[in-house]
Amino acid sequence: MLVANREDGMKISLGDCRDLQELLQWRSRETFLCPECGTQVILKLGTKRIWHFSHQSGKSCAVENERESAYHMSGKLQLYHWLKEQGISAELEKYIPGCRQRADIALEWNQERYAIEYQCSAISAELFKKRTTGYIENGYIPIWILGGNQLNRMGPELISFNHFQYLFLRKQQGRWQLPIYCPETRQFIILNDILPVSSRKILASLSLKVRRSAYLSDLIAPLPKKIDSLASWILELNKLKRTCFVYPGTLQKQLLNELYTNRLNLLTLPPEIGLPLASGPYIETPALVWQTFLYIDVFRHAVPGETVSYSGIYQSFTNRLKRRQIMTRDLPQAGQGNCTDALSDYLRLLEKVSFIEKAGLNYFKILRALEVPSSIDDQALKEKNFYDTYRGILIDLL
């Protein structure tokens, strides 16, 4: 921790005290106490780690949920100084009694109160949601910043992404974004336009900004950076298809069995299956898989001129949810959205590519059949023609 109390109640913040000799004198004559639990803490002024206060060996504090690493303390301190340099009223390690939580940094800006949580190690989804709810209920807007040590890039746009990191996703102006800070490079990294390719991979654009040229508004209301990632999407989609054959998990085996039963091949599905969607993060199951289920259940045998009901489509989708063949995500910072947004977006996209059109409040009319390619080469050609024809529409809807 970077903040402690003296015995007279005066708060000492190592974010504002940088004189070693003064701190050495205080340590020789003062007793320091934890602001939350009131037990004695030790002021550590070593050369290998950031100066900090530490509970005595064997003592624990109810507010401390995890041990702070040097990486975390360094980043938290840098973020605090970054805010102070902008003239923003900020407090390091502020304890909020109403939720019994200690924000890494609390601040006021534009007549709003914010609580910054800088997270460099995984915590449970339950604890993440509890902290988020606690801040909101006590009048603070939470800003979760992921530590740069959690970013695992696999390519220019491809990133390895896990369940914990999905918790940080938030929507700004209808677009997905995630703020990251690295204290080693002193750089902010903003992930924009997140598209899940599989349950463990995403495509995203990265906006980089060094700390000295970044402002608080870049975190609270960053400008979205839209890119054309369709070429990368097609590449990763086809990799995912091959992986399903070579390293099939339980869900993949289930999908392959259904395709076999219906005399279909994963490698020769119509190009309208496995499309990227802006609301994709709400569904953990890859778009390729859940859209294939929808094709098998609803669209495969539909003929031009026939109508299908939204309630029938929705029933098919929810049946797969109940059987856990489609898995969803809980995104605490995403507002009111949920997995049905992805279903609606997919139907809207099928309208845009002239497969269906609305025929009343609850019905869609089939405009054309989804043609199954005759071979892998034929599928590659149809896929190229499809994305070339509808590229503009796909990008606009992402």
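The values are calculated or read from the model by the stated rules, or taken from the named source; none is laboratory data. Please read these numbers as outputs of a predicted model, since none were measured by experiment. Cβ sites come from the backbone with ideal geometry, for glycine too, and all protein chains shown count toward neighbours. Keep in mind that these areas ignore ligands, DNA and RNA; they rest on the heavy atoms of the full protein, side chains included. Shrake-Rupley method; radii C 1.70, N 1.55, O 1.52, S 1.80 Å.
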| note | With Cα springs under 10 Å, the Gaussian network model of the chain assigns the largest mean-square fluctuation among SER13, SER354, SER207 to SER354
| Using a 1.4 Å probe on the protein chains only, how many percent of the accessible area of the chain belongs to carbon and sulfur? | 48 percent
| said: Which lysines, if any, have their Cα less than 18 Å from the Cα of LYS94, not counting same-chain residues under 8 positions apart? | reply: LYS11, LYS76, LYS84, LYS130
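Ordering ARG200, ARG131, ARG102 from largest to smallest accessible area (1.4 angstrom probe), what's the sequence? All intermediate terms of the calculation are to be shown ahead of the outcome.
On the way: ARG200 120, ARG131 20, ARG102 45 Å².
The residues order as ARG200, ARG102, ARG131, largest area first.
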| remark: Reviewing (1) 1.08; (2) 1.29; (3) 0.96, the figure for Rg/Rh (Cα atoms, Kirkwood Rh) actually calculated from this model sits under (1)
| request: Report the residue, chosen from VAL372, VAL246, VAL353, that carries the largest GNM mean-square fluctuation when the chain is represented by alpha-carbon nodes joined by springs under 10 Å. | output: VAL246
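For the chain, what is the mean residue ellipticity at 222 nm derived from helices alone (per DSSP H run of n ≥ 4: -39500 (n - 2.57); sum divided by total residues; nearest 500 deg cm²/dmol)? Numbers along the way, then the final one.
Details: 11 runs with 134 residues, N = 398.
Per the formula, -10500 deg cm²/dmol.
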| message | Straight-line reach from LYS241: which lysines fall under 22 Å, measuring Cα to Cα and dropping same-chain residues less than 8 apart? | response | LYS201, LYS253, LYS382, LYS384
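What's the FRET efficiency of ASN110 with VAL210 using the Cβ-Cβ distance as r and R₀ = 25 Å, to the nearest 0.05? Before the final figure, lay out the partial values.
On the way: r = 24 Å, r/R0 = 0.95.
Efficiency computed from Cβ-Cβ geometry: 0.55.
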| task | Go through the range 168-181 residue by residue and turn each phi into a ³J(HN,Hα) via Karplus (6.51, -1.76, 1.60, θ = phi - 60°); whole Hz please, and just put x for glycine and proline. | result | 7, 5, 9, 9, 10, 6, x, 10, 6, 8, 8, x, 10, 9
| request: Specify whether the C-alpha gyration tensor of the range 240-366 places it in the rounded, prolate or oblate class, a ≥ b ≥ c being the square roots of the eigenvalues: rounded for a/c under 1.5, otherwise prolate if a/b is larger than b/c and oblate if not. | output: oblate
| said: Quick check: the distance between the Cα centres of the range 272-309 and the range 94-159, to the nearest angstrom? | reply: 35 Å
| remark: Simple spin-label estimate for GLU137/CYS37, 7 Å along Cα→Cβ, in nm, reads 2.3 nm
| message | Using Cα-Cα distances under 8 Å and only pairs 6 or more residues apart, what relative contact order does the chain have, in percent? | response | 10 percent
| Using a 1.4 Å probe, what is the accessible area per residue for the range 244-398, in Å²? | 48 Å²
